[in-house]
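Chemist: Mind having a look at this structure? Questions to follow.
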Amino acid sequence: MRALIKTLMVAFVVITVMSVVASANIVTDPGETLQNTLVKNHNFENGLDDWGYWLGWGGIEDDEGPFDPRVSLGAAAGEYPAVWQNTGEVIEADTVYTMSAVGRVSQDADGLRLRLEADGVETIVMKEEYFDFPEGDHAEELGPWREFTMSIDTADAEYADFVGDELFVSVAMVGEWWAHVGQVNAIPEPATIALLGLGGLAMLKRRRS
């Protein structure tokens, strides 16, 4: 029993640390990113099929890198060029939805804005987060590819009213000039599994006491 508790504690610490660093994790291969996504054409293999977009000066580009084709988002400061999609998937109760976008700086963009939205009678932002490209990424013309992530848990009261609506995702450039987006994902996971590291440990402690 002690060994099992220790294993769960280690697993929980690892999961917690990973959740902290994943927001700026460098990736060099699509296989390193989140998988089993609800997003259609999530890696832009079919261009901008399934996507709505306002690209400013951008479009689809391909230079045979690991995340090409990619979307190039370019505009002046404050204009927020973006791609978005109604996934058509219904938001489920007691589910953790993790959204990720793989992007990189090109010519001084500040970062990316990720949004998870609910498309019901109207489209409402459930959560948005702004992610800055690390300062060192601006040293080269093209920064490294990074995976930025955020999550919501529909078991939380603030998201309960969105259950039954359709899941909508969007990614925008923050700042000015250019950023690239190579992949967008949205992965559902039952809340009980997502909380296993913490909940399982608590259950074992109660049983032991």
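Chemist: Over all directions, average the projected area of the Cα convex hull of segment 24-190 and note it in nm².
Modeler: Taking a quarter of the hull surface, the average projection is 9.1 nm².
Chemist: Taking the Cβ-Cβ separation of E128 and E89 as r and a Förster radius of 22 Å, what is the calculated FRET efficiency to the nearest 0.05?
Modeler: FRET efficiency, E128 to E89: 0.70.
Chemist: Moving on to the next point. Net charge within 11 Å of D108 by Cβ-Cβ distance, Lys/Arg positive one each and Asp/Glu negative one each, not counting D108 itself?
Modeler: -4
Chemist: How do T28, T87 rank when sorted from fewest to most other Cβ atoms within 10 Å of their own Cβ?
Modeler: T28, T87
Chemist: I've got another one for you. Cβ under 11 Å from Y130's Cβ, Y130 left aside: what net charge do those residues give with Lys, Arg +1 and Asp, Glu -1?
Modeler: -2
Chemist: List residues of segment 156-188, by number, whose backbone nitrogen lies under 12 Å from a label position 7 Å along Cα→C-beta of Y80.
Modeler: Zone members listed by number: 170-175.
Laboratory data are not the source of any read-out in this text; all were calculated from the coordinates shown. Keep in mind the model is a prediction, meaning the values are calculated, not measured. Backbone-built Cβ (ideal geometry, glycine too); neighbour counts: all protein chains shown.
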